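This report refers to the structure that appears directly beneath it.
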Number of protein chains: 2
Amino acid sequence: MGAENSKTRLLLLDITERLMLEEGYAAVGVRRVAREAEVAPALVLYYFRTLDDLFLAALRRRADQELARVDRVLDGPQPLRMLWTLSSHPGNTLTTEFAALANHRKAIRAELAAHADRYREAQVAALTRRLAETGVELPDGLSPAVLLVLTNALGRILMMENTMGMTTRHEEAVAFVEDFLKRYEGASASDA
Amino acid sequence: MGAENSKTRLLLLDITERLMLEEGYAAVGVRRVAREAEVAPALVLYYFRTLDDLFLAALRRRADQELARVDRVLDGPQPLRMLWTLSSHPGNTLTTEFAALANHRKAIRAELAAHADRYREAQVAALTRRLAETGVELPDGLSPAVLLVLTNALGRILMMENTMGMTTRHEEAVAFVEDFLKRYEGASASDA
DNA sequence: CCAGATGCTGAACGAGTGTTTAACCGAGGT
DNA sequence: ACCTCGGTTAAACACTCGTTCAGCATCTGG
């Protein structure tokens, strides 16, 4: 079985990601990935014994990157603002695609649930710490964890609706978030 | 082409819905649906010229039911509480499955986007009206539309995470909602 | 220089898919 | 009695799919 860092192996993972993004997970198959890599179909199964293994490897790689990103992004000033950019970042589209995949591939479901769990707890920890450090006071009854779940949910849904071409009432929702951010952290520091 | 209300036709639609719920949209196929209905595969294509047509018919039927449900449910007392039950109702799992389907069936995508649009506007209208009628005052900057989008988003995400076996921080989020409801509408009227 | 591991291929198997076509069955109306 | 017509069928077409297996290169270490 191929080495962890084989050039071909990484190429196959890249193609898998790209296909999922551009055409949905259903476009990913042994033959299709092989064709895009200009390689024989059997080679894909040489690196990943089954198609599930390919998906799992792609998920794990992505999950690690995302987890690292949380601490890096949330570390700047204005953690609330950073949380919002993190939650509404288009890069999460891939996670959404994995979520859809998980609906009918139980091997994926378990792994994705575990990742989502770690991801959320990492965010809670980082956000709680940063809020204390920057001295931001949340309104009564709104804990960092709740704010996080709400923000993640809103960001994800807006993205999902966007990709299917629906934007009804999105501006109002985004304006509300902007307003909230301004109230608790002042104007965006990256505005000129 | 079969009559709109043929017994067989409705049976096929029922089976399609059930399969989507229990095994995901990928389980729906001409042959599979036929087998469950104890009928020849070609008959499915007799009623729905293509598989896309079957999905579309199922979507349309469901969409109409949901749309009717909005007014019916939101019409009681405590519209905010009703909005929350509507948003976190497990019946929405099917819509989520349709959303996943829409990711790689463009014929579905357009129809679903249109439905989601109508659905949201119907909710905004009903909620706005009911809030005025019951005299509930929302906090500053929180319009009915924004509250609606937030509630829908949270409900959907909690459901999606639930079905994949992840519940991290859900209790806190739900408790927050309960708290909010109690503050603006008092205790649940259906509690003994 | 040879053995053996590593990377890679072509061909096949078995099963699944959506869709089309021609034909059959059983009632209802004329 | 005939004929039409909606509902229904079996069979075939033309794919695509995941997976397996035997074997061919190429490179490396002893």
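Where a number appears in this text, it was derived from the coordinates with a stated rule and is not lab data. Please read all numbers here as calculations on a predicted model, not as lab measurements. Every residue, glycine among them, receives a Cβ derived from its backbone with ideal geometry; neighbour counts consider all protein chains shown.
Between the range A:93-165 and the range A:1-41, the C-alpha centres lie 27 angstrom from each other.
Evaluated over the Cα positions of the range B:73-144, the convex hull gives a direction-averaged projected area, one quarter of its surface, of 5.6 nm². Partners of B:Lys106 within straight-line reach, counting lysines whose Cα lies under 27 Å from its Cα and excluding those fewer than 8 residues away in the same chain: A:Lys106.
In order along the range B:116-127, phi translates into HN-Hα couplings of 4, 4, 4, 4, 5, 5, 4, 5, 4, 4, 4, 5 Hz, rounded to whole numbers, per the Karplus curve 6.51 cos²θ - 1.76 cosθ + 1.60 with θ = phi - 60° and x for Gly and Pro. Over chain B, all Cα pairs binned in 5 Å intervals from 0 give whole-percent P(r) values of 1, 7, 14, 17, 16, 14, 11, 9, 6, 4, 2, 0, 0, listed from short to long. The value of relative contact order for the range B:67-192, using C-alpha pairs under 8 Å at least six residues apart, is 37 percent.
Taking only the alpha carbons of the range B:1-92, we obtain Rg and Dmax values of 16.0, 50 Å in that order.
Computed from Cα positions, the angle between helix B:93-102 and the longest principal axis of chain B comes to roughly 60 degrees.
Across the range A:42-110, Cα-Cα distances exceeding 17 Å account for 53% of all pairs.
When the helix-only estimate is applied to chain B (DSSP H runs of n ≥ 4, each -39,500 (n - 2.57), divided by the residue count), what is the mean residue ellipticity at 222 nm, nearest 500 deg cm²/dmol? Let's see the in-between values first.
Values: 9 runs with 140 residues, N = 192.
Computed ellipticity for chain B at 222 nm equals -24000 deg cm²/dmol.
What FRET efficiency comes out for A:His104 versus B:Glu133 if R0 is 56 angstrom and r is the Cβ-Cβ distance? Round to the nearest 0.05. Kindly include the intermediate steps, with their values, before the conclusion.
On the way: r = 44 Å, r/R0 = 0.78.
It comes out at approximately 0.80.
For the pair B:Ser190 and A:Ala27, what calculated FRET efficiency results from E = 1/(1 + (r/R0)^6), where r is the Cβ-Cβ distance and R0 = 51 Å, to the nearest 0.05?
So, using R0 = 51 Å, E works out to roughly 0.60.
Against chain A, whose longest principal axis comes from its Cα atoms, helix A:51-74 is set at around 30 degrees. Position B:Ala187: other-copy label points at 4.9 nm, ordered by increasing distance, label point 7 Å along Cα→C-beta. For the protein assembly as shown, list log₁₀ I(q)/I(0) at each q in 0.11, 0.13 Å⁻¹, using the Debye formula over Cα point scatterers of equal strength and ignoring solvent, two decimals each. Here log10 of I(q) over I(0) equals -0.89, -1.18. Mind checking the range B:108-192 for GluC sites (Glu not before Pro) that DSSP puts in a loop (not H, G, I, E or B) and that have at most 15 other Cβ atoms within 10 Å? Hits after loop and neighbour filter: B:Glu137. Model label points for B:Thr167 and A:Arg118, set 7 angstrom from Cα along the Cα-to-Cβ axis, are 2.3 nm apart.
Starting with the fewest neighbours, write out A:Phe98, B:Phe176 ranked by other beta-carbon atoms found within 10 Å of each beta-carbon. Don't skip to the answer; put the middle values down first.
Details: A:Phe98 24, B:Phe176 19.
The order, fewest Cβ neighbours first, is B:Phe176, A:Phe98.
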